[in-house]
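Below you'll find the structure, written out as structure tokens, and then a few comments.
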Amino acid sequence: MFDLIIRGALVVDPLNKINAIKDVAVAEGKITAIEDEISLPAKKLIEASGKVLIPGIIDMHTHMRTVLGHKHAQRMIALAGVCTTLDMAGPLEDILTSIPGSGAGVNIAILDAARAGQTLTSSRPSQQEQSDFLDRTLENGGIGIKLLGGHFPMDVDISENFIELANQKKSWIAWHVGSTAHGSNIEGFREAVAAAKDNFLHIAHINSYCRGQISNETDEALEAISLLKTHPNIFSESYLSPLNGTRLVVQNDVPISKVTVTCLKKLGYEPTYDGMKKAIFDGAAGVLVDDGVIGKLLSGKGGVEYWESKETKTTGSFKVNPAVSRFLIATAKRSDGSFVVDSFSTDGGCYPRNVIVENGLLLVKFGALTLNEYAIKASLNGARALGLKNKGHLSVGADADITIMDVQNEKAFATIVEGNVIMLEGQLLGKGTTIICDERGSSTLANRGIKHIVKEEFSMNLITDRFIP
């Protein structure tokens, strides 16, 4: 007897070249059979006629924290059809300790943030301090680190050194681009690409550097695409929402985040306490609030009152991502047919913009992507880059991580992780969290009783050997 049969969905699996109506059987957390019709009994049956079934969605950029966030992020991504995510900034310990109250059955790999005053003693840490921070993160269960240049810039030589160290240690490293010389824009993007040299670097949310700050958004998007084509060592993702995410904290009458300063200026507001207050009141900015079930954005009078009640120590969003750059970056391909920007992301999690299904399927309906191409960006490419051999595809024996989508209504119908149905028709059913680590963090997580998966050791081939449809 199978544990689960999913009946009658259009199954789309790029790796195994499946694009047909099939039944899918699951036993002991693994894909057991994919056939035209499976008649053997199962403990649970999901009727999925008219739905599309793909390998479980992997969101390559979210925020799962409860610090300046809330405890619902894991539930929000499960509702959005996401099985696995890469958290981009931690805090690592915050996420690990929040599992009992926040777990929804998803898989999370974590990057801890390199930030002066928190994980580093200054914005110019010594090479030894940088090395110690990397080692500590890996040993405690993270897979690498993230540079927060857009929000809290460092000198570019420090970022360069972090990149070289991370590559030497076979650690993941991501950069929200920006430095003391260049901002979070196309100039900062050029600088980051040059700083990486031939090393691996994950450049976060490519669309955020193509907002028309230096030239126009179309030219910036085309330049970003051109640079990525000539630098295969760069892994990248982009998100499909018009909303960004940033800190709304103001100190000494100035927002602490450079991104927030830029957003306020772009939308015609002064980068001051009063300017931030007016942007929230006018609805140009939304404050992230916990409504007891999920995280929502609040603006207007209520948003201002909440922001002030927290003494500005909040996060939120501005609607600053142009549609044209999002479209160009999401669909661009290399000459061999592989994608220039490797994966979809949301920069969501605790932010209410987990729209890989909603907005991604609009690209399919528009004809910009096929369902097969959608599944490559939504799942397969992320699994390959992270070294998760048993995810991103539906091979017999692979992990039964599955997303079922209601394409007509552009929403997730079911989220299944290792055969466990963690969301079905909008109802959350999952508990706990599985942390993705490398072998250096396995013993620590085991000693803490935290369920985990040890990913494949990082190598450049995981990035440069891109999947060609």
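The values are calculated or read from the model by the stated rules, or taken from the named source; none is laboratory data. Please read these numbers as outputs of a predicted model, since none were measured by experiment. Cβ coordinates were reconstructed from backbone atoms using ideal geometry, including for glycine residues, and neighbour counts include every protein chain displayed. To get the accessible areas, we keep the full protein, side chains included, count just its heavy atoms, and leave off ligands, DNA and RNA. Shrake-Rupley method; radii C 1.70, N 1.55, O 1.52, S 1.80 Å.
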*What is the helix-to-structure angle for 300-309, meaning the angle in degrees between its Cα long axis and the longest Cα principal axis of the chain, kept from 0 to 90 and rounded to the nearest 10?*
70 degrees
*Taking the inverse of the average 1/r across all pairs of different Cα atoms in region 98-139, what Kirkwood radius in Å do you get?*
12.2 Å
*Ordered by residue, what ³J(HN,Hα) values in Hz, to whole numbers, does region 27-39 give under the Karplus form 6.51 cos²θ - 1.76 cosθ + 1.60, where θ = phi - 60° and Gly and Pro are x?*
8, 6, x, 10, 5, 10, 7, 10, 9, 4, 8, 10, 9
*For region 413-455, run through the trypsin sites (Lys or Arg not before Pro) and keep only the ones in DSSP coil with at most 16 other Cβ atoms within 10 Å of their Cβ.*
Lys431, Arg448, Lys451
*Can you list which of the trypsin sites (Lys or Arg not before Pro) found in region 7-115 are DSSP loop residues with at most 12 other C-beta atoms within 10 Å?*
Lys17
*Using only Cα atoms, tell me the angle between helix 217-229 and the longest principal axis of the chain; keep it within 0 to 90° and round to the nearest 10.*
60 degrees
*Heavy-atom accessible area order for Leu380, Leu243, largest first, 1.4 Å probe*: Leu243, Leu380
*Plugging the Kirkwood radius over Cα pairs into Stokes-Einstein for region 383-460, at a temperature of 20 °C and a viscosity of 1.002 mPa s, what D comes out in µm²/s?*
150 µm²/s
*To the nearest 20 debye, what charge dipole does the chain have about its Cα centre, counting +1 at the Cβ of each Lys and Arg and -1 at the Cβ of each Asp and Glu?*
480 debye
_Show me the chymotrypsin sites (Phe, Trp or Tyr not before Pro) within region 294-399 that DSSP assigns to loop and that have at most 12 other Cβ atoms within 10 Å of their Cβ._
none
*Hey, any idea what % of the chain's accessible area is carbon plus sulfur with a 1.4 Å probe?*
49 percent
*Which longest uninterrupted range of the chain lacks any GluC sites (Glu not before Pro) assigned by DSSP to a loop state (not H, G, I, E or B) and surrounded by at most 10 other Cβ atoms within 10 Å?*
38-310
*Bin all alpha-carbon pair distances of region 72-231 at 10 Å intervals from 0 and give each bin's fraction as a whole percent.*
11, 37, 33, 19, 1
*Given only helices, namely DSSP H runs of n ≥ 4 each adding -39500 (n - 2.57), what is the per-residue ellipticity at 222 nm of the chain, to the nearest 500 deg cm²/dmol?*
-8500 deg cm²/dmol
*asked:* Quick check: from the Cα gyration tensor, does region 233-341 come out rounded (a/c under 1.5), prolate or oblate?
replied: prolate
*Check the straight Cα-Cα distances from Lys146 and name the aspartates and glutamates below 12 Å, setting aside those fewer than 8 residues away within the same chain.*
Asp87, Asp112
_Solvent-accessible heavy-atom area per residue, rounded to whole Å², over the chain at 1.4 Å_ = 37 Å²
*For the chain, report the translational diffusion coefficient in µm²/s to the nearest whole number, using Stokes-Einstein at 20 °C, 1.002 mPa s, and a Kirkwood Rh over Cα pairs.*
97 µm²/s
*With 25 Å as the limit, write out which pairs from Lys411/Lys431; Lys333/Lys455; Lys391/Lys451; Lys278/Lys319; Lys71/Lys310 have Cα-Cα distances beyond it, or answer none.*
Lys333/Lys455
*State, to one decimal in nm², a quarter of the convex hull surface area for the C-alpha atoms of region 14-86, i.e. the direction-averaged projected area.*
6.7 nm²
*Evaluate region 296-413: find the radius of gyration of its Cα atoms, find its Kirkwood radius, and give the ratio Rg to Rh.*
1.06
*Which three semi-axes in whole Å describe the equivalent ellipsoid of region 138-196, each the square root of 5 times a Cα gyration tensor eigenvalue, listed largest first?*
21, 11, 9
*Net charge near Met405, counting Lys/Arg +1 and Asp/Glu -1 over other residues with Cβ under 13 Å of its Cβ?*
-1
